[in-house]
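These notes concern the structure reproduced below.
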Amino acid sequence: MPDDRTIRFSRHDACRLVGVAPERLRQWERWLPQRRPDRGFAFSELLGLAILLDLADRLDIDLGRFDAGIRLLFPALAEAAEADRLGEFVVVLGPTSARIDHRTSLHAPPLPQKWVLAPIHPFLASLREQVFS
C-alpha cells in the first residue's frame, strides 16, 4: 500500500486525467477498498480507473460481471513495485480475480472465457503525459 508520501490527486484531477464523469467516479469508488476521501487518489488508482473506463466504454464490457475481480485490481496495482513502471505488464481480469502479469510471450497459455486482458502501457503513457507535462 502506498505510504503518506505518495502524490495524491483530487477528485477533480482524477476526473480530468482519466476522462471519467464525476458521477461515474463516485459509483466506481466502491471498488477502491482502501479509499479515504480525505486523502485523494493515488497514481495507481488513476491507472486502474483509466483501464476500467476503456473496458467499459471502448470494449463495451459490463463491469458488473467483474465486480469481485475489480475489487482485487486496485490492491494489485497498488502493491506492484511502482505503478508508474508497469509499462511492460498487462492486467488480467476475471470475474473473481485480478492480477498484473508480464505477458511478453506469444506462447502464454490462453485466458479462460469471460476474462479480459488489458495492456497497461497506453494508460500509463497517457497519464504520465498529462501529469508530468
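The values are calculated or read from the model by the stated rules, or taken from the named source; none is laboratory data. Note that this is a predicted model, so its numbers are computed, not measured. Cβ coordinates were reconstructed from backbone atoms using ideal geometry, including for glycine residues, and neighbour counts include every protein chain displayed.
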Inset, instruction - Report the residue count in the stretch 5-35 for those that are without any contact (Cβ under 8 Å) to a residue 12 or more places away in the chain and assigned to a loop (DSSP other than H, G, I, E, B). - result: 3
Legend entry - Unique residue being among the basic types (Lys, Arg) and at pLDDT below 85 when the list is Arg39, Arg26, Arg128, Arg65: Arg39
Legend entry - Tally of residues being among the hydrophobic types (A, V, I, L, M, F, W, C), at pLDDT 95 or above and exposed (fewer than 12 other Cβ atoms within 10 Å of the Cβ) across the stretch 1-23: 1
Inset, instruction - Taking Val116 as meeting all but one of (1) at pLDDT 85 or above; (2) over 25 Å from His12 (Cβ atoms); (3) touching a Phe, Trp or Tyr at 6+ places or on another chain (Cβ under 6 Å), write down the number of the exception. - result: (3)
Legend entry - Top-ranked residue in the stretch 36-59 [being outside any helix (DSSP H, G or I) and not aromatic (Phe, Trp, Tyr); ranked as surrounded by the most Cβ atoms within 10 Å (Cβ to Cβ)]: Ala42
